[in-house]
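Quick notes on the structure that follows.
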Amino acid sequence: MGILTNFIVFEGIDGSGTSTQIDLLKKKLAGRETENRFVFTCEPTGEATGRFLRTILSGEEAAEPETAAFLFAADRWEHLYGKNSVVKALNAGKTVISDRYFFSSLAYQSAACGRELPKLLNSLFPLPEKLFFFDIDPALSLARIAGRSVTEIYEKRDFLEKTAAEYRLVIAEYEQAAPGMKIIRLDAAQSMEQVSRLIWEEIGA
Ligand code: TYD
């Protein structure tokens, strides 16, 4: 599997802090000369595929877990190769930082419908150069998201515990099988500031 240079992804269960850290990183970059070298993206995307996925995540539309696995992969294709794509930005010399990538499917969809289908669908995608894994006890991440007004279908204790276990397996597997991709494991139970400092040491500019 190829590696996309300058493509960086943040991964972790709900409440592990990936979105918060992306916001902090944007703030730290604001006003710097290097600011416009960075492009921030996320999955599910804001494209039609991602918007449809959001209706499933909110519970507004029902879908089989396997259907969701296909949809996440379709949305990922759009993310990588569509009109506002990662590959276009990389080719323009940018560093792209994404909140979630296919490791989310290997964790969440494996927890939802078994490992075979997510593995098959996601074997199509190139690896990022760096992966930040926000490792956290699901009990703590659940406590963090308990205060949110909107909850999604995956934000349930049993499911997140299963997903957290899948994530750890997936990360361990890639540490062995993909030495070309740098995996940075963060203890996501640390304070926001501590985690932010570690991320900045790795990609700050
Ligand atoms: P999330 O990043 O948590 O978005 P937000 O914080 O805006 O709700 O992503 C939404 C949910 O989608 C989250 O529960 C993880 C799930 N998800 C998958 O199950 N598979 C995937 O491949 C991706 C990208 C996300």
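The values are calculated or read from the model by the stated rules, or taken from the named source; none is laboratory data. Every value quoted in this text rests on a predicted model; they were computed, and no experiment measured them. Using ideal geometry, Cβ is built from the backbone for each residue, glycine included, and neighbour counts are taken over all protein chains shown. All accessible areas refer to the heavy atoms of the entire protein, side chains included, with ligands and DNA or RNA removed. Shrake-Rupley method; radii C 1.70, N 1.55, O 1.52, S 1.80 Å.
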Could you list, in sequence order, the residues of segment 155-174 that are surrounded by fewer than 16 Cβ atoms within 10 Å (Cβ to Cβ) and assigned to a loop (DSSP other than H, G, I, E, B)? Lys156
Subset tally (residues that are surrounded by 18 or more Cβ atoms within 10 Å (Cβ to Cβ) and more than 9 Å from the ligand (Cβ to nearest atom)) for segment 115-128: 5
Is there a residue being touching a helix residue (DSSP H, G or I) at 6+ places or on another chain (Cβ under 9 Å), outside any strand (DSSP E or B) and not aromatic (Phe, Trp, Tyr) anywhere in segment 127-135? no
For Lys83: the one exception among (1) more than 8 Å from the ligand (Cβ to nearest atom); (2) assigned to a helix (DSSP H, G or I); (3) of a type in the set (D, E, K, R): (2)
Can you spot a residue in segment 20-42 that is closer than 18 Å to Thr151 by Cα and either open to solvent by 60 Å² or more (accessible area, probe 1.4 Å) or at pLDDT 95 or above (or both)? yes
Within segment 91-114, restricting attention to residues that are open to solvent by 30 Å² or more (accessible area, probe 1.4 Å), touching a residue at least 40 places away in the same chain (Cβ under 8 Å) and more than 8 Å from the ligand (Cβ to nearest atom), which residue is farthest from Phe7 (Cα to Cα)? Cys113
Somewhere in segment 119-139, is a residue under 16 Å from Pro65 (Cα atoms) and of a type in the set (A, V, I, L, M)? yes
For segment 141-158: of the residues being over 23 Å from Ala68 (Cα atoms) and charged (D, E, K, R), which is nearest to the ligand (Cβ to nearest atom)? Arg148
Show the residue pairs that are 6+ apart or on different chains and have beta-carbon atoms under 7 Å apart, the first residue being within segment 175-198 and closer than 23 Å to Leu127 by Cα and open to solvent by 50 Å² or more (accessible area, probe 1.4 Å), the second being outside any helix (DSSP H, G or I) and among the aromatic types (Phe, Trp, Tyr). Arg185/Phe133
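Quick grid of which residues meet (1) more than 26 Å from Glu161 (Cβ to Cβ); (2) touching a helix residue (DSSP H, G or I) at 6+ places or on another chain (Cβ under 9 Å):
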site	(1), (2)
Thr5	yes, yes
Thr45	yes, yes
Thr49	yes, yes
Ala68	no, yes
Leu80	yes, yes
Leu90	yes, no
Ser98	no, yes
Looking at segment 113-125 only, could you name the residues that are at pLDDT 95 or above and either more than 14 Å from the chain's Cα centre (by Cα) or among the hydrophobic types (A, V, I, L, M, F, W, C) (or both)? Cys113, Gly114, Arg115, Glu116, Leu117, Pro118, Lys119, Leu120, Leu121, Ser123, Phe125
